[in-house]
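Engineer: Below you will find the structure I want to go over with you.
The values are calculated or read from the model by the stated rules, or taken from the named source; none is laboratory data. Computed from a predicted model, the values in this text were never measured in an experiment. As a convention, Cβ positions derive from the backbone with ideal geometry for all residues, glycine included, and neighbour counts pool all protein chains shown.
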Amino acid sequence: MIDYHLHGNFSGHGTGDLAEYVEAAVARGFTEIGFSDHLPKVVDPDPYHAMLEENLPRYVERVLELREANRGRIAIKLGIEADFFEGYEAETKRLLESQPFDYVLGALHFLGDWHFTSKEGLARFASEAPVEAFPKYFEKLKRMIKTGLFDIVAHPDALRRGAFQPARSMEKEHREVAQLLAGGGMAIEINTAGIRRGAGSVYPERSFFAACVAEGVPVTVGSDAHSPGDVGKDFKAAFMLLGEFGVSEVATYEKRRLAGAPLGERRDNA
Ligand SMILES: [Zn+2]
Ligand SMILES: [Zn+2]
């Protein structure tokens, strides 16, 4: 099994040396992992949210060092999690092409000036209206996919954090997103942090996942661990979802190319 969404201490809000994540993954039976710390922000650089650009080469070097040191033990991929900042696509592209990434997670963490995935952003869930926020979120997600800058959509409906729920069914939006993903050859991530962050399930929710499977969208799995203890956390829920929809392969990546990989025998990383 893979865990393709691991952070670390290159960003200010993560803890633990990357080597500790590798050890945790080996101990939990993973055959392949990928680091995906935050790409430097192309707008308002902020070392708490994402590493600064001057540290990006050091991050890459560290992951590649660990890959060599652990060869034959566990496969380690060089990923990155990149925000979609509209109007800054060229700058984002420049950063993404500056390093030999295996895959790029595209992610929304901001809706206007609302950093909804941050601790400070949590307070705004009480005053924001789901009836407006969810359609806005999905419109932005569709624009993100259309840029073609990213390989995998990370935490596809992270706006559900803290039990924030759409005011109506998002089925139409889910279908549209799934079609765009299929058309663009992109994958979707099952992100188990939804459980830890009060969404009541993994991201994406069941109906969203169903729409993606119906379109044949490839799937990766990630814990979004920001500490070594969270590597592979709640993967039982991801396995259940995959099993329910008969998905027997997870996608893996190399040099930004998609490859399939069997799920493997170890299904008990709860
Ligand atoms: Zn994220
Ligand atoms: Zn993340």
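Engineer: Give Tyr21, Tyr4, Tyr48 a once-over and let me know the one that is modelled with pLDDT under 95 and of a type in the set (Phe, Trp, Tyr).
Structural biologist: Details: Tyr21 fails: modelled with pLDDT under 95; Tyr4 fails: modelled with pLDDT under 95.
Answer to the check: Tyr48.
Engineer: Going by the conditions given, is Asp113 of a type in the set (Asp, Glu) and closer than 30 Å to Glu171 by Cα? Before you say what the answer is, go through the steps one by one.
Structural biologist: Details: of a type in the set (Asp, Glu): yes; closer than 30 Å to Glu171 by Cα: yes.
The answer is yes for Asp113.
Engineer: Also: Can you say whether Glu171 is in contact (Cβ under 8 Å) with a residue 24 or more places away in the chain and in contact with a Ser or Thr (Cβ under 9 Å, 6 or more places away or on another chain), as far as the supplied structure shows? Even if it seems obvious, please write down each step before you answer.
Structural biologist: Numbers: in contact (Cβ under 8 Å) with a residue 24 or more places away in the chain: yes; in contact with a Ser or Thr (Cβ under 9 Å, 6 or more places away or on another chain): yes.
Considered against the rule, which asks whether it is in contact (Cβ under 8 Å) with a residue 24 or more places away in the chain and in contact with a Ser or Thr (Cβ under 9 Å, 6 or more places away or on another chain), Glu171 comes out as yes.
Engineer: Give the range 118-149 a look and list any residue that's closer than 21 Å to Ala50 by Cα, outside any helix (DSSP H, G or I) and at pLDDT below 95, or say none.
Structural biologist: Those that are closer than 21 Å to Ala50 by Cα, outside any helix (DSSP H, G or I) and at pLDDT below 95: Ser118, Lys119.
Engineer: Continuing with this model, one more query. Say whether the condition of being assigned to a helix (DSSP H, G or I), closer than 30 Å to Ala259 by Cβ and within 15 Å of ligand 2 (Cβ to nearest atom) is met by at least one residue in the range 177-193.
Structural biologist: Here is the first cut: in the range 177-193, the ones assigned to a helix (DSSP H, G or I) are 177-184, 193.
Restricting the remaining residues to those that are closer than 30 Å to Ala259 by Cβ gives 177-184, 193.
If we keep only those that are within 15 Å of ligand 2 (Cβ to nearest atom) too, we end up with 193.
Within the range 177-193 (the criterion being assigned to a helix (DSSP H, G or I), closer than 30 Å to Ala259 by Cβ and within 15 Å of ligand 2 (Cβ to nearest atom)), the answer is yes, since at least one residue qualifies.
Engineer: Determine which single condition Gly112 fails, assuming it passes every other condition in (1) more than 23 Å from His226 (Cα to Cα); (2) within 16 Å of ligand 2 (Cβ to nearest atom).
Structural biologist: (2)
Engineer: While we're looking at this one, here's another question. How many residues, within the range 161-189, are buried (at least 16 other Cβ atoms within 10 Å of the Cβ), of a type in the set (A, V, I, L, M, F, W, C) and under 16 Å from Glu132 (Cα atoms)?
Structural biologist: The number of residues fulfilling the criteria is 2.
Conditions tested, residue by residue: (1) over 20 Å from Tyr253 (Cβ atoms); (2) small (Gly, Ala, Ser); (3) within 16 Å of ligand 1 (Cβ to nearest atom).
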{"site": "Gly198", "(1), (2), (3)": "yes, yes, yes"}
{"site": "Ser207", "(1), (2), (3)": "yes, yes, no"}
{"site": "Val219", "(1), (2), (3)": "no, no, no"}
{"site": "Lys233", "(1), (2), (3)": "yes, no, yes"}
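Engineer: Out of the range 130-168, which residues are over 19 Å from the mean Cα position of the chain (by Cα) and either under 23 Å from Lys93 (Cα atoms) or without any contact (Cβ under 8 Å) to a residue 12 or more places away in the chain (or both)?
Structural biologist: Glu132
Engineer: In the range 194-236, which residue that is among the acidic types (Asp, Glu) and within 16 Å of ligand 2 (Cβ to nearest atom) is surrounded by the most Cβ atoms within 10 Å (Cβ to Cβ)?
Structural biologist: Initially, the range 194-236 is screened for residues among the acidic types (Asp, Glu), giving 205, 215, 224, 230, 234.
Subsequent filtering for residues that are within 16 Å of ligand 2 (Cβ to nearest atom) retains 224, 230, 234.
Values: Asp224: 27, Asp230: 20, Asp234: 19.
Going through the qualifying residues, I end up with Asp224.
Engineer: OK, next. What number of residues within the range 12-38 satisfy the criterion of being without any contact (Cβ under 8 Å) to a residue 60 or more places away in the chain and part of a loop (DSSP other than H, G, I, E, B)? Spell out the reasoning first.
Structural biologist: Start the filter on the range 12-38 by keeping residues that are without any contact (Cβ under 8 Å) to a residue 60 or more places away in the chain, which leaves 12, 17-19, 22, 26-27, 35, 37-38.
Now restrict to residues that are part of a loop (DSSP other than H, G, I, E, B): 12, 17, 37.
Counting residues in the range 12-38 that are without any contact (Cβ under 8 Å) to a residue 60 or more places away in the chain and part of a loop (DSSP other than H, G, I, E, B) gives 3.
Engineer: Taking the stated definitions as given, is Arg67 away from ligand 1 (no atom under 15 Å from the Cβ), modelled with pLDDT of 95 or more and in contact with a Leu (Cβ under 8 Å, 6 or more places away or on another chain)? Let's see the steps before the verdict.
Structural biologist: Numbers: away from ligand 1 (no atom under 15 Å from the Cβ): yes; modelled with pLDDT of 95 or more: yes; in contact with a Leu (Cβ under 8 Å, 6 or more places away or on another chain): yes.
Taking the combined requirement at face value, the residue satisfies it.
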